[in-house]
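A short write-up of the structure that comes next.
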Amino acid sequence: MSSIINYAKKVVTPSQKLQQKKQRIDKKVCGLISQNIKKYPIVGFELGGSYAKGTWLPEKADIDIFVKFNKKTSEKDFRSIGTKIGFESLKKYKPYTRYAEHPFVEAVVNGTKVNVVPCYDVNVGEWQSATDRSVHHTKFMSKKLTNSMKDEVRILKKFFLHIDVYGAELAKEGFS
């Protein structure tokens, strides 16, 4: 059994070369966002999702960037400014709008999907949008997951992908 698990770990662990590629993309996009948020009342931004937690799979390596708004920002400004920042930052990469509870911007940067997602800068439990939890979840999991646990998460994700139940999209109603 341990030989199977060791083989599975090798299959689901991104190579050093791929990790370096994602880091270059992450730095490039974060630099673009940093330049574009200066003209808006933004608290800051953070990496989120499986890339930030170190649980991403080689074949499913999106980079999620959460743009943090002051909790007093109107929902209208939250939506419109969040989208503007995404489009302005990713303009070289043919960005497009995607929707969850609210719009966010996605583009493919050097073969990697990048999502620029607005969220409110709130304390735990004071959620104003569905994405507000994401930043806190990433911080919590980053503190709690050991390297061994990250391997186990990637193996589970790979299994879920294989049986087609991975993904939080409404159409999928799966696990994420």
Given the conditions (1) within 18 Å of I25 (Cα to Cα); (2) charged (D, E, K, R); (3) under 15 Å from the mean Cα position of the chain (by Cα), every one holds for R133 apart from (1)
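Scan segment 35-60 for residues that are among the aliphatic types (A, V, I, L, M) and closer than 17 Å to R79 by Cα and report the count.
3
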Which of the residues that make up segment 30-46 are touching a helix residue (DSSP H, G or I) at 6+ places or on another chain (Cβ under 8 Å) and either among the aromatic types (F, W, Y) or part of a helix (DSSP H, G or I) (or both)?
L32, I33, Q35, N36, I37, Y40, F45
Long-range neighbours under 8 Å by Cβ, at least six apart or interchain, first residue exposed (fewer than 14 other Cβ atoms within 10 Å of the Cβ) within segment 95-106, second not in a strand (DSSP E or B):
T97/T83; E101/S129; E101/A130; E101/T131
Wholly inside segment 49-114, strands (runs of 3 or more DSSP E) that include 1 or more residues that are among the small types (G, A, S) are 103-109
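With the condition kept exactly as written, say whether any residue in segment 47-55 is over 21 Å from A130 (Cβ atoms) and open to solvent by less than 70 Å² (accessible area, probe 1.4 Å). Even if it seems obvious, please write down each step before you answer.
Step one: filter segment 47-55 for residues over 21 Å from A130 (Cβ atoms), giving 54.
Subsequent filtering for residues that are open to solvent by less than 70 Å² (accessible area, probe 1.4 Å) retains 54.
The answer is yes; a qualifying residue exists.
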When segment 1-22 is examined, which residues are found to be in a helix (DSSP H, G or I), open to solvent by 90 Å² or more (accessible area, probe 1.4 Å) and either closer than 16 Å to K157 by Cβ or not β-branched (V, I, T) (or both)?
Y7, K10, Q16, K17
In the set S74, S134, which member is under 20 Å from W56 (Cα atoms) and open to solvent by less than 80 Å² (accessible area, probe 1.4 Å)?
S134
Using beta carbons and a limit of 8 Å, which pairs, at least six apart or on different chains, have the first residue in segment 16-39 and within 14 Å of W56 (Cα to Cα) and the second one open to solvent by less than 90 Å² (accessible area, probe 1.4 Å) and assigned to a loop (DSSP other than H, G, I, E, B)?
L18/P58; L18/A61; K21/N110; K22/P14; K22/W56; K22/A61
Can you tell me which residues in segment 1-47 are aromatic (F, W, Y) and over 30 Å from S80 (Cβ atoms)?
Y7
Search result, residues across segment 35-46 that are open to solvent by less than 40 Å² (accessible area, probe 1.4 Å) and hydrophobic (A, V, I, L, M, F, W, C):
I37, I42
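The values are calculated or read from the model by the stated rules, or taken from the named source; none is laboratory data. Note that the structure is predicted; figures quoted are calculated from it, not measured. Because the Cβ atoms are built from the backbone with ideal geometry, glycine has one as well, and the counts that use them run over all protein chains shown. Heads up: the accessible areas ignore ligands, DNA and RNA and are worked out on the full protein's heavy atoms, side chains in. Shrake-Rupley method; radii C 1.70, N 1.55, O 1.52, S 1.80 Å.
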